[in-house]
Amino acid sequence: MQFSGRKGPEGQRAGRAVISRRRAEEDRQESGLEKKPEDRQESELEKKRKDRRESGMHELGVVFHIMDSLEKVAAENEVTGISRVVLELGEVSTVIESYLHNCWQWAAKKRELFEEAERVVETIPARTYCEGCGQTYATVEHGKICPCCHSPDTWLLQGNEFNIKEIEVY
């Protein structure tokens, strides 16, 4: 690359700037840092997809754990099938019910014991206790700060649970 010596409209050396930009673009392309706007949008979309997959992965692990536990109990009790599983899911637990549902449907098809099992989820409302005034209140509606006395000295009483409440077998 050589400088052509041309001058821009304001007497500046335009050739040098073009060469510098080209060299910087080549360096970025070689290093993999150069991305077109379409590539950036695609990578943002891919990131969202990855986040969704990772989110679903947590629920898939939870479903596998539930099914493993129930298979063990079923084997100990000579159960041939499970017709219904009732789960308790806290309102502020880390399990997302829609992901849990999708993972359950997928996993149930792969395990004979659960092929006909209905999954029922009962939501446990989140309740918080305030040490400042002794009141309890709805966590989701009001958050960590007590709506009665505005104290931050609060703690969650219920709502982050995830339990197997009952199963029906045949």
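The values are calculated or read from the model by the stated rules, or taken from the named source; none is laboratory data. Note that the coordinates shown come from a computational prediction; the quantities given were computed from them, not determined experimentally. Counting neighbours? That spans all protein chains shown, and the Cβs are built from the backbone with ideal geometry, glycine included. Keep in mind that these areas ignore ligands, DNA and RNA; they rest on the heavy atoms of the full protein, side chains included. Shrake-Rupley method; radii C 1.70, N 1.55, O 1.52, S 1.80 Å.
Just a few scattered comments:
- Pick from segment 74-92, criterion open to solvent by 20 Å² or more (accessible area, probe 1.4 Å) and touching a residue at least 40 places away in the same chain (Cβ under 8 Å), ranking: nearest to residue 144 (Cα to Cα): 92
- Yes/no for residue 115 being in contact with a helix residue (DSSP H, G or I) (Cβ under 9 Å, 6 or more places away or on another chain), of a type in the set (D, E, K, R) and open to solvent by 80 Å² or more (accessible area, probe 1.4 Å): yes
- Lone qualifier among 73, 120 - being within 26 Å of residue 141 (Cα to Cα) and more than 20 Å from the chain's Cα centre (by Cα): 120
- When residues of segment 131-154 are limited to those that are within 24 Å of the chain's Cα centre (by Cα) and not aliphatic (A, V, I, L, M), the one most open to solvent (accessible area, probe 1.4 Å): 141
- Exactly one residue out of 54, 122 is part of a helix (DSSP H, G or I) and either open to solvent by less than 70 Å² (accessible area, probe 1.4 Å) or at pLDDT below 95 (or both): that is 54.
- Residue 161 being open to solvent by 20 Å² or more (accessible area, probe 1.4 Å), without any contact (Cβ under 8 Å) to a residue 24 or more places away in the chain and of a type in the set (Asp, Glu): no
- Hey, residue 128 in contact with a Lys or Arg (Cβ under 8 Å, 6 or more places away or on another chain) and surrounded by 18 or more Cβ atoms within 10 Å (Cβ to Cβ) or not: yes
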